[in-house]
There are 2 protein chains.
Amino acid sequence: MRLSRFHLHTTKETPADAELASHKLMLRAGMIRKLAAGLYTWSPLGLRVLRKVEAIVREEMDRAGAVELQLPTVQPRELWEETGRWEKFGGQLLKIKDRKEQEYCFSPTAEEAITDFARQELGSYKQLPVNFYQVHTKFRDEIRPRFGVMRAREFLMKDAYSFHASDEDLAREYENMKAAYTRIFTRLGLEFRAVQADSGAIGGDASQEFHVIADSGEDALAFSTGSDYAANVETAQAAAPGPRPDAAETMRKVETPVQKTCEDVAALLGIALQRTVKSVALVGADGFTLALVRGDHMVNEIKLRKVAGMADYRAATEAEILEHLGSEPGFLGPVAPARAIRVIADREVAALADFVVGANAPGFHLAGVNWGRDLAEADVVADIREVVAGDRAVDGGELRLARGIEVGHVFQLGRTYSQAMKFTVLDENGKAAVPAMGCYGIGVSRIVAAAIEQNHDEAGIIWPAPMAPWRVAICVINPKKDAAVDAAAGALLDELQAAGIDTVLDDRGLRPGAMFADIELIGIPHRVVVSERGLAAGTFEYRARTAAEAQSLDRGQLLEQLRGA
Amino acid sequence: MRLSRFHLHTTKETPADAELASHKLMLRAGMIRKLAAGLYTWSPLGLRVLRKVEAIVREEMDRAGAVELQLPTVQPRELWEETGRWEKFGGQLLKIKDRKEQEYCFSPTAEEAITDFARQELGSYKQLPVNFYQVHTKFRDEIRPRFGVMRAREFLMKDAYSFHASDEDLAREYENMKAAYTRIFTRLGLEFRAVQADSGAIGGDASQEFHVIADSGEDALAFSTGSDYAANVETAQAAAPGPRPDAAETMRKVETPVQKTCEDVAALLGIALQRTVKSVALVGADGFTLALVRGDHMVNEIKLRKVAGMADYRAATEAEILEHLGSEPGFLGPVAPARAIRVIADREVAALADFVVGANAPGFHLAGVNWGRDLAEADVVADIREVVAGDRAVDGGELRLARGIEVGHVFQLGRTYSQAMKFTVLDENGKAAVPAMGCYGIGVSRIVAAAIEQNHDEAGIIWPAPMAPWRVAICVINPKKDAAVDAAAGALLDELQAAGIDTVLDDRGLRPGAMFADIELIGIPHRVVVSERGLAAGTFEYRARTAAEAQSLDRGQLLEQLRGA
């Protein structure tokens, strides 16, 4: 491709409403242009990248045995009524009336439409399993569309839906899809993690999210160095603590006149923060409750709500605290409360000996406290804390924290949709059976933005090679003045293209500085400069996008260098 | 591809609402399934065909130098207000309100969106010309969606828009696009014609439609055997008639008591219908007018309205006829009217001598009438008739009539949109200039239906090879009973695929009759049967979809036969 016959339009300005690096860079590189809030035109440059992502997604879905089809984007209300989602989906569902006042929506996802297709097509267990997918335009009426294509209203999504005669077969396909997703994100050249979604209500492995790791990610993740374990920080688990040491100290009341936080108490007493215990006063279904976590830990609300009786807990009022503990906040603890209370101890707290808690008396804490001696064992011992970087992971590795951008989701739906839509097939015994379903999404257009969040520098985008609009850019110095230079560049272009290396020739005739800035901005992995001086010396200037310096290579060296591009 | 790992679901029933062969066959073959009125799911089988068409369209657009991008399907009202089309587009424009009550439409075409993109991107004549295209979902809210994907509401369209510094350059690109379209439809293996659209208001060659020829087509076309001239019957022109012969007869009044039609008069008088003249009484801007066409011809309203003063003509009332001609309809003529009238003669009528017209007296006609002797030369001589099969064409060939399905349109838009949207670039003199625009559409999904209309028989679809879901189908007899047969079929599949021949292996284990019926229904061009008996004899049964008989071929002959498939 010659750039003079393409349409590239970069800009220097950064629009005021662009906050994220990917949004700024996509606009500056001219990959996208805004048509209206959350609606973007993909320019020729942007579309090249989008199509490369799409092609890899499609190849791996095909390889995994999924079969592509295409559902309408406009879908009738009646269908969405069958599952109750016409109302339940909420404001993101863009509702449409046609000229006959019939109601439709612009598909934000397609469980209803695919189940309708399936119930027309599939009548027997012999036709199962099957996994249908599409790569198609979706619309979600975001209340505050932002971050460019990261959270656009109209976007490109790969959505797949599988149908199964048994839960076991669904679980098998779920693993198959996880493997396909791993291949996709690996092939795209992205650093990513498969993250356990909050699976409380659904169970085990029924849902995982795929995140591209990037500092700007919306989600805080924890992952292990010891395996591919990764989870949202809110649901991540660390390894259980070791056995509780024997008590070595006697309990004593210590004066902490103004020390209300664990940090202050630890400093005053000259002990490790890990030996202090935070008492959080709550009211659950079983009444007044103290939740205990170590001084260096935080209560994790999602985990705590899974403890029996705590699904709808609330913070205790000052009056309730005074009534049950006889003290004001800052000096609370589980030892000898004024009235009977429930105690929920985090596993790490239950494993402590000789720890420090509030004394339920303003200005005092208790040190050298031990379970079973100074107070009864806790009513509940559970994992109710947030993990922190450095925690030992369940697999023996170390937990690290990172931020991620969700780009994929795999989900064992079970029979929610097939049941609601009365979709049955005949089973081996000739009886009507409701198939189990899985769904598997990838935000194709979002991947483009996420890749930039993960891979950019001051000069612009740094594409992973498989996503780059072109792998190699040939920059010609003064093509219009020097026909020999232009011809040499053209010959190199032909040679690289013939070798299957997707190459662009910048023959626009820009000054070298402006040309190099464009090529860096749009993130081409390899740059070759063809100049009169180089030709005279028989050399080409080569520079990798990530290299600090350019190299002078002869033709053989250059081709060797680019062969793997 | 093994069919057991695909999803093929054919049906025997023909739905009641399916009228066209393509609609019936696409449903029977399971290429599409209806989701709602005018909304269809493309099944895996259907999508394979759609993608093949899409790929050829894309390749030829790229080859022609157009650059692909993608515009949002949802577009804001403000944009459509700029050209006045928010109102003018009419009921086909699907209007949408988002959660903030902002108004949008689902793009039925994209002149506004592309011009908005262009005015953000293009600032100088140096960036011209450029031709942007996309292949994307469109929506037209048809009042009566029908014929399956032939006239669906949601459909796949290739739309291209070019921008130019001059009209000459627009005309050049227009020819470039016509050539690309010709390559596209030729490569698709379709019989088609480029047809001059009604170009009255726009001029010369400013608009052409591409039609696939099919008996069921909505449009009546005339085309010449002498060149690639083709036009809608309503605008088609025949060659001008030769010079008028000398008068040979004297005018005489003949009795035609009940003969009101030219046919009846010609029969009564024993003369050729071509010598009779039909007088059509009209009122135009210049008052009462007789339009004259030969008895074997029909007035063409579109042509007639282009005659000065006739743009808004209407039929004359009986009272007006009586007032001007002194007669009732059936016996009208241009000779000696009661009052002054305007006479518009078709070119063929003006070239007649010794012709027959009504005598403006009930029960009488005039025979042997001659221009310039029995009545003054006509006020206007023009081509105002519809062409008929067998007419001599302008190029010397013969005009034939056919029916066509419009699948493409090329159009020199000029500056209508760029002007309305205040899009200017700086010209060579640094002055703001409004670029000229062209637009070029192809109904990608409609092509699939049109191809079937043109190519089918009792047994099903007959795909032109480039559009076929697979070029070759290997049918295995009893694959589950006989592992050797299955292995032989698998080896043949691998060999054909390796040779680049898109092949499917029907290993579903159906009875031969049902399997062959499916393969014929879905229109696979070449069928190979692998059976135990064949293997024993070292032969394969081969049959082309269009052949009456199967042949028994050895492996070498078979591969030779399929090499070009």
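Roughly speaking, what is the centre-to-centre gap between segment B:356-385 and segment A:80-98 when only Cα atoms are used, to the nearest Å?
With segment B:356-385 and segment A:80-98 each reduced to a Cα centre, they are spaced 69 Å.
Segment A:179-264: Rg/Rh from Cα coordinates, Kirkwood Rh?
The Rg/Rh ratio comes out at 1.21.
Give me the distance in nm between label points sitting 7 Å out from Cα along the Cα-to-Cβ direction at B:THR546 and B:ALA484, one decimal.
Label-label distance for B:THR546 and B:ALA484, simple model: 3.8 nm.
Please give the charge dipole size of segment B:2-105, origin at the Cα centre, charges +1 on K and R Cβ atoms and -1 on D and E Cβ atoms. Round to the nearest 20 debye.
720
Among the lysines, which have Cα under 20 Å from the Cα of B:LYS303 when same-chain residues fewer than 8 positions away are ignored?
Straight-distance partners of B:LYS303: B:LYS278.
Across the residues of A:28-37, average count of Cβ atoms on other protein chains within 10 Å?
Per residue, the number of nearby Cβ atoms from other chains is 4 on average.
Per residue of segment A:213-230, in order, report the coupling 6.51 cos²θ - 1.76 cosθ + 1.60 (Karplus, θ = phi - 60°) as ³J(HN,Hα) in whole Hz, putting x for Gly and Pro.
Those phi angles translate into 6, 7, 4, 8, x, 6, 9, 8, 10, 10, 9, 9, 7, x, 6, 8, 4, 8 Hz.
So how far, in whole Å, is the C-alpha centre of segment B:410-438 from the one of segment B:283-305?
Segment B:410-438 and segment B:283-305 have Cα centres separated by 39 Å.
Count neighbours as other Cβ atoms within 10 Å of each site's Cβ, and list the GluC sites (Glu not before Pro) in segment A:12-74 that are DSSP loop with at most 16 such neighbours.
Values: sites: A:GLU13, A:GLU19, A:GLU54, A:GLU59, A:GLU60, A:GLU68; in loops: A:GLU13, A:GLU19.
Counting only loop positions with at most 16 other Cβ atoms within 10 Å, the GluC sites (Glu not before Pro) in segment A:12-74 are A:GLU13, A:GLU19.
Post the alpha-carbon centroid distance, segment A:1-33 to segment A:496-512, in whole angstrom.
19
Kindly give Rg over Rh for segment A:11-136, based on alpha-carbon atoms, with the Kirkwood expression for the hydrodynamic radius.
Ratio of gyration radius to Kirkwood radius for segment A:11-136: 1.07.
Tell me, what HN-Hα J-couplings in whole Hz come from the Karplus equation 6.51 cos²θ - 1.76 cosθ + 1.60 at θ = phi - 60° for each residue of segment B:95-101, using x for Gly and Pro?
The phi angles translate into 8, 9, 10, 8, 5, 9, 6 Hz.
To the nearest whole percent, what portion of all C-alpha pairs in segment B:252-382 is separated by more than 18 angstrom?
Result for the distance tail: 48 percent.
Considering segment B:246-301, what Rg and Dmax in Å follow from its alpha-carbon atoms?
Both quantities, over Cα of segment B:246-301: 13.3, 38 Å.
Distances from B:ALA247 to the same residue in each other copy, label points 7 Å out along Cα→Cβ, in nm, shortest first?
Here B:ALA247 shows inter-copy label distances of 13.9 nm.
Which trypsin sites (Lys or Arg not before Pro) in segment B:273-369 sit in a loop by DSSP (not H, G, I, E or B) and have at most 12 other Cβ atoms within 10 Å of their own Cβ?
Within segment B:273-369, the qualifying trypsin sites (Lys or Arg not before Pro) (loop, at most 12 other Cβ atoms within 10 Å) are B:ARG339.
How far is helix A:111-121 tilted, in degrees, relative to the longest principal axis of the Cα atoms in chain A, given as a value from 0 to 90 rounded to the nearest 10?
70
Neighbour counts of other C-beta atoms within 10 Å: give me B:LYS138, A:LYS260 arranged from fewest to most.
A:LYS260, B:LYS138
According to the Kirkwood expression over distinct Cα-Cα pairs, how big is the hydrodynamic radius of segment B:97-222, in Å?
Hydrodynamic radius (Kirkwood, Cα only) of segment B:97-222 equals 17.5 Å.
Apply the Karplus parameterisation 6.51 cos²θ - 1.76 cosθ + 1.60, with θ equal to phi minus 60°, to every residue of segment B:399-412 and state each ³J(HN,Hα) to the nearest whole Hz, in sequence, with x for glycine and proline.
7, 10, 10, 8, 10, x, 10, 6, 10, x, 8, 10, 8, 8
Rg (Å, one decimal) plus Dmax (Å, integer) for the alpha carbons of the protein assembly as shown?
Rg, Dmax (Cα atoms, Å): 38.7, 143.
P(r) tail for segment A:276-332, what percent of Cα pairs lie past 19 Å?
Every Cα pair in segment A:276-332 considered, those over 19 Å come to 28 percent.
Within segment A:477-565, report the trypsin sites (Lys or Arg not before Pro) that DSSP leaves as loop and that have at most 10 other Cβ atoms within 10 Å.
Here the sparse-neighbourhood loop sites are A:LYS481.
Compute the FRET efficiency between A:THR182 and A:ALA338 as 1/(1 + (r/R0)^6), taking r as their Cβ-Cβ distance and R0 = 41 Å, and round to the nearest 0.05.
On the way: r = 55 Å, r/R0 = 1.35.
After rounding to 0.05, the efficiency reads 0.15.
Compute for segment B:335-397: radius of gyration divided by Kirkwood radius, i.e. Rg/Rh, restricted to C-alpha atoms, rounded to two decimals.
Rg/Rh for segment B:335-397 comes to 1.04.
With no solvent and one equal point scatterer per Cα, compute the Debye intensity ratio I(q)/I(0) for segment A:1-79 at 0.11, 0.13 Å⁻¹ and report its log10, rounded to two decimals.
For segment A:1-79 at q = 0.11, 0.13 Å⁻¹, log10 I(q)/I(0) is -0.48, -0.63.
Note down the Stokes-Einstein diffusion coefficient of segment B:417-565 in µm²/s, whole number, using a Kirkwood radius over alpha carbon pairs, 25 °C, and 0.890 mPa s.
Answer, rounded: 135 µm²/s.
For the protein assembly as shown, what does -39500 (n - 2.57) per DSSP helix run (n ≥ 4), summed and divided by total residues, give at 222 nm, in deg cm²/dmol to the nearest 500?
Using -39500 (n - 2.57) per qualifying helix, the result is -8000 deg cm²/dmol.
Based on the inverse mean of 1/r over its pairs of different Cα atoms, what is the Kirkwood hydrodynamic radius of segment B:380-451, in Å?
16.9
For B:ARG511, go 7 angstrom from Cα along the Cα-to-Cβ vector, then report the distances to that same point in the other copies in nm, smallest first.
Copy-to-copy label distances at B:ARG511, shortest first: 8.1 nm.
As I understand it, the dipole of the protein assembly as shown uses +1 on the Cβ of Lys and Arg and -1 on the Cβ of Asp and Glu, about the Cα centre. Which of B:VAL149, A:THR289, B:PRO76 lies farthest toward its positive end?
My answer, from the dipole projection, is B:VAL149.
In terms of modelled amide H atoms, which long-range or inter-chain residues lie less than 5 Å from the amide H of B:GLY414?
So B:GLY414 has HN proximity to B:MET437.
Pull up the cross-link candidates among the lysines for A:LYS422, meaning alpha carbon to alpha carbon under 26 Å and not fewer than 8 places away within one chain.
In chain and number order, the partners are A:LYS88, A:LYS95, A:LYS126, A:LYS138, A:LYS158, A:LYS431, B:LYS12, B:LYS34.
Based on C-alpha coordinates, I'd like the Rg and Dmax of chain B, in Å.
30.0, 94
Each reported figure results from applying straightforward, stated rules to the coordinates on display, with no laboratory input. Since this is a predicted model, take the numbers as computed values, not measurements. A quick note on method: Cβ atoms are made from the backbone with ideal geometry, for glycine too, and the neighbour counts reach across all protein chains shown.
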